[in-house]
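Taking it in order: structure first as structure tokens, then the write-up.
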Amino acid sequence: MSQITLPNVIASGDADNPTRDMANWTTIRDIINGNLDNTNINASAAIVDSKLSVPNRIKQTQRQGGSATDWNTTGTTTRDVTNPILQCGTITMTSGESGTAPYTASVTVTFPTAYTNKPIVVASQTEISATLTIGVMTGSITTTSFQITVNASAAGYVAGAVVNWIALGT
């Protein structure tokens, strides 16, 4: 941690000098009132988030589930969450579909940043046709990737389907 550098050094036995002393106090005041940065704060200070302005940070602090590490395990146990990671994306299904109904294709998506624990992943497809039945599923979820599978009731709609996804975990 860096230290505040005072403009005036006061030695033992120096006479009182209000101007010199005020310059030192002004330096301390100016650092504390708006000029603190990473070099002034100890990493183990454990400052609560409510006292910090942290842009683009997810404020989730708890979740429910049956496993502390696998967010996909069902359960009602309340678990504390620190530093959650939210990632999302949009993909176009490019693989070929199966030959008979339901017409199916799958693609593996790699997370931009790997998770420490298996996250929750949700996917949905943008609208193609009001009369077409389409199902979107996620599966094979790991800390680094997951699989999206699209099923359609009619041929020719799986390839080219646009799917949005979002993942949340730690």
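Bear in mind these aren't lab numbers, they're just calculated from the coordinates by the rules spelled out. No experiment lies behind these values; they were computed from the predicted model shown. With ideal geometry, Cβ positions are generated from the backbone for all residues, glycine too; neighbour counts draw on all protein chains shown.
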(Q) Test of understanding: what is the full-extension gain from residue 137 to residue 9, defined as 0.36 nm times their sequence separation minus their Cα-Cα distance? (A) 39.2 nm
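Kindly identify region 1-46 as rounded, prolate or oblate by the Cα gyration tensor criterion: order the square roots of the eigenvalues as a ≥ b ≥ c, call it rounded if a/c is under 1.5, otherwise compare a/b with b/c, prolate if a/b is larger, else oblate.
Prolate, because a/c is 1.5 or more and a/b exceeds b/c.
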Q: Normalising by the residue count of region 62-169, find the relative contact order in percent from Cα pairs under 8 Å and 6+ residues apart.
A: 34
Q) What length, rounded to one decimal in nm, is gained on full extension from residue 64 through to residue 76, with 0.36 nm per residue of separation minus their alpha-carbon distance? A) 3.8 nm
Q: For residue 19 paired with residue 122, estimate the spin-label separation in nm (one decimal), with each label point 7 Å from Cα along the Cα-to-Cβ line.
A: 6.7
